[in-house]
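The values are calculated or read from the model by the stated rules, or taken from the named source; none is laboratory data. Because the structure is predicted, anything quoted here is derived from the model rather than measured. Cβ atoms come from the backbone with ideal geometry, glycine included; neighbour counts cover every protein chain shown. Remember, those area values only see protein heavy atoms, side chains included, never the ligands or the DNA or RNA. Shrake-Rupley method; radii C 1.70, N 1.55, O 1.52, S 1.80 Å.
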Amino acid sequence: MVNMSISHIISEAPTAKDAWQALQDRFDCRNPTTLYTSVKSFFTSMSMADSSAMLDHINGYEKYLRQLVQRCKDTSSNDPYQHLVNYLSDKKIKSHHLLMTLPESMANVVDNLQSKVDLKYLEVRTRLLELASFSIVETLKKNKALSAKSRGKNAQSLIHQQPNPTRVGKTVPAKANQCS
């Protein structure tokens with residue numbers, strides 16, 4: 001009897017999708033004020049922090065852009081926000097806006113990409129991700145200790161020998177951490 005009542009309760013419990021839909025219905029008010037706020041924050045506060053990962057920033061940018069375009073499409077056909085849909089869907093506009101969201105430390109990258117004649121969003125996205133992956137690899141290389149090559153018996157026996165004091169052009173033998 002107890003098992004049956006638990007299964008009955010579980011079958012009537014709302015699913016995660018129902019819970020999210022209830023939250024959206026309750027708190028996601030779609031009105032002109034919230035649309036205006038969304039547009040304003042998209043254009044003014046969508047900047048990348050220096051500590052952010054490029055992939056995370058681009059994914060967040062694209063998600064916010066999709067949501068904003070959908071919200072603008074949901075307006076009436078004579079609403080001025082319909083023009084914003086066409087504006088934000090343009091590949092050149094998207095690419096230049098994405099570049100505007102990058103931090104000042106990437107100004108050189110932004111200048112180089114904006115100097116291209118026919119700039120497309122996919123090219124900008126790809127190039128930024130390539131640069132980010134390259135910088136991650138370089139950072140990992142800088143922070144990693146160098147590994148020593150394995151030495152055979154002959155190489156190890158040379159370490160224990162005294163340095164040759166009569167090197168060509170030198171009168172004093174090399175010390176432990178000195179260049180010669």
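Given the criteria over 17 Å from GLY60 (Cα atoms), open to solvent by 40 Å² or more (accessible area, probe 1.4 Å) and not in a loop (DSSP other than H, G, I, E, B), does SER105 qualify?
yes
I'd like the full set of residues that are modelled with pLDDT under 70 and β-branched (Val, Ile, Thr), limited to segment 14-37.
Result: THR33, single match.
I'd like to know if segment 44-65 contains one or more residues that are modelled with pLDDT under 85 and aromatic (Phe, Trp, Tyr).
The answer is no, given that none of the residues of segment 44-65 is modelled with pLDDT under 85 and aromatic (Phe, Trp, Tyr).
Is one or more of the residues making up segment 55-63 closer than 18 Å to TYR121 by Cβ, surrounded by 18 or more Cβ atoms within 10 Å (Cβ to Cβ) and touching a residue at least 60 places away in the same chain (Cβ under 8 Å)?
Scanning segment 55-63, I find at least one residue that is closer than 18 Å to TYR121 by Cβ, surrounded by 18 or more Cβ atoms within 10 Å (Cβ to Cβ) and touching a residue at least 60 places away in the same chain (Cβ under 8 Å), so the answer is yes.
Quick check on my filter: what residues within segment 65-80 are in contact with a helix residue (DSSP H, G or I) (Cβ under 6 Å, 6 or more places away or on another chain) and open to solvent by 60 Å² or more (accessible area, probe 1.4 Å)?
Once the filter is applied, which keeps residues that are in contact with a helix residue (DSSP H, G or I) (Cβ under 6 Å, 6 or more places away or on another chain) and open to solvent by 60 Å² or more (accessible area, probe 1.4 Å), segment 65-80 yields only LYS73.
Taking the criterion of being in contact with a Ser or Thr (Cβ under 7 Å, 6 or more places away or on another chain), free of Cβ contacts under 8 Å to residues at least 60 places away in the same chain and in a helix (DSSP H, G or I), would at least one residue in segment 72-90 satisfy it?
yes
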